[in-house]
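S.K.: First, the structure itself, so that you have it in front of you.
The values are calculated or read from the model by the stated rules, or taken from the named source; none is laboratory data. Remember, it's a predicted structure, so these values are computed and weren't measured experimentally. Every residue, glycine as well, gets a Cβ built from its backbone with ideal geometry; the counts of neighbours run over all protein chains shown.
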Amino acid sequence: MSELIETCELPPVPALARVADAEECTADIGGVRWRYLRAGRGPALLLVHGVTAYSFSWRLVIRELARRYTVYAVDLPGCGFSQRSAMLPGTLASDGQHLLDFMNHLGIDEFDVLGTSRGGGAAIAMAGLAAERGELHRIGRMVLSAPINPWSGIGFLRVRFLRTVAGRLYLTYVEPQLPFFVKTFFKRLFGDPVRVPSDSLAGYQAGWEPEGSYWHLWNIARSWMTDLQLIESMLPLVKSVPALLLWGDRDVAVEPASAEQLHRRWDNSEVVMMAGVGHMPYEEVPEEFNRIALEFLLRETPVISPRREPQPEMAYAMSAVRPA
């Protein structure tokens, strides 16, 4: 694979990747051009997608969230239809800084955050950076949907392989030629494959068509293990922020059992485990996802007092989802 060619223009956004009821926006921040969606009116809510994803992830939930918030759904630099650039390291630390820069660019001082998978990790990194600068008060509440963390061992062998030159070649030349493998893996991310939306796979694949996408993904893979260590190091700084740790109990990407370890280290957190749901509840059961997320975000009181001692045992709140 040749080195990433610098692109100054944003990739064209196909119709499939556009989200109804959301305004298409762009911003030039720190020499990198962003594409993001904006919808609704009210307090600010920042949505952060996972790896191999972009703002398309939120298309089924953004309308309801926008009834109570001004929603900002970003395509992180190097992802979706934001700019690819050789100066993007693809680390959680850099993405955390990118997110703070994004909110600063918009002039937004206080906001809530909803992040999923690696985007949940980026949200933690962002909050940790804010805490280091005495700005943790800017972040009100956080909903983290199956955030990556060092206590989930799923995928470690794959990540170790993808970090190599052979892994880079596989990402670039082999996996794109295996549509059946990609489709099969994608379906496994859902607790019930019947609930896979008809536009999902094609929509996500569209976000990886722009030149330079796989180079950025390789950078993400190379920093993965270091990024997990960063998440653990940031937890003492952010544990006073009210956080909802939301998981599907059939998640095959980030182990549901790791929620307990994360919860024990995050004093002001609670866990909701969604029965029969996989890694992407905002795709699989969007109405239930919105109900749980908004119920938490709109509370006026903390989950617990920040001064309270962490609890040794975790009490799960269960959310039963009726079969489709």
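S.K.: Only one of (1) among the acidic types (Asp, Glu); (2) in a strand (DSSP E or B); (3) modelled with pLDDT under 95 fails for GLU270. Which number is that?
M.R.: All conditions are met except number (3).
S.K.: Go through region 231-261 residue by residue and tally those that are assigned to a helix (DSSP H, G or I), surrounded by fewer than 20 Cβ atoms within 10 Å (Cβ to Cβ) and in contact with a Ser or Thr (Cβ under 9 Å, 6 or more places away or on another chain).
M.R.: 1
S.K.: Considering each residue of region 105-135, count those that are more than 19 Å from the chain's Cα centre (by Cα), assigned to a helix (DSSP H, G or I) and closer than 22 Å to SER240 by Cβ, and give that number.
M.R.: 2
S.K.: Related question: Filter region 39-98 down to residues that are surrounded by fewer than 23 Cβ atoms within 10 Å (Cβ to Cβ), free of Cβ contacts under 8 Å to residues at least 40 places away in the same chain and either β-branched (Val, Ile, Thr) or in contact with a His (Cβ under 8 Å, 6 or more places away or on another chain) (or both), then give me how many there are.
M.R.: 1
S.K.: Among the hydrophobic types (A, V, I, L, M, F, W, C), within 17 Å of ALA44 (Cα to Cα) and free of Cβ contacts under 8 Å to residues at least 60 places away in the same chain: does that describe ALA123?
M.R.: no
S.K.: To continue, here is another question. Taking ALA253, is it modelled with pLDDT of 95 or more and closer than 20 Å to ARG160 by Cβ?
M.R.: Judged against the criteria, ALA253 is a match.
S.K.: Filter region 8-49 down to the residues that are of a type in the set (Asp, Glu) and closer than 22 Å to SER198 by Cα and list them by number.
M.R.: Within region 8-49, ASP21 is the sole residue that qualifies.
S.K.: A further question on this structure: Just the residues that are in contact with a Phe, Trp or Tyr (Cβ under 7 Å, 6 or more places away or on another chain), surrounded by fewer than 20 Cβ atoms within 10 Å (Cβ to Cβ) and within 20 Å of LEU92 (Cα to Cα), please, taken from region 17-38.
M.R.: The one that is in contact with a Phe, Trp or Tyr (Cβ under 7 Å, 6 or more places away or on another chain), surrounded by fewer than 20 Cβ atoms within 10 Å (Cβ to Cβ) and within 20 Å of LEU92 (Cα to Cα): ILE29.
S.K.: If ASP227 meets every condition in (1) modelled with pLDDT under 95; (2) surrounded by 20 or more Cβ atoms within 10 Å (Cβ to Cβ); (3) among the acidic types (Asp, Glu) apart from one, which number is that one?
M.R.: (1) is the only condition that ASP227 fails.
S.K.: Considering (1) aromatic (Phe, Trp, Tyr); (2) over 19 Å from MET280 (Cβ atoms); (3) over 18 Å from the mean Cα position of the chain (by Cα), say which one TRP218 fails and leave the rest.
M.R.: Unmet condition: (3).
S.K.: Across region 273-324, which residue is nearest to ASP192 (Cα to Cα) among those that are at pLDDT below 95 and among the hydroxyl-bearing types (Ser, Thr, Tyr)?
M.R.: Result: SER319.
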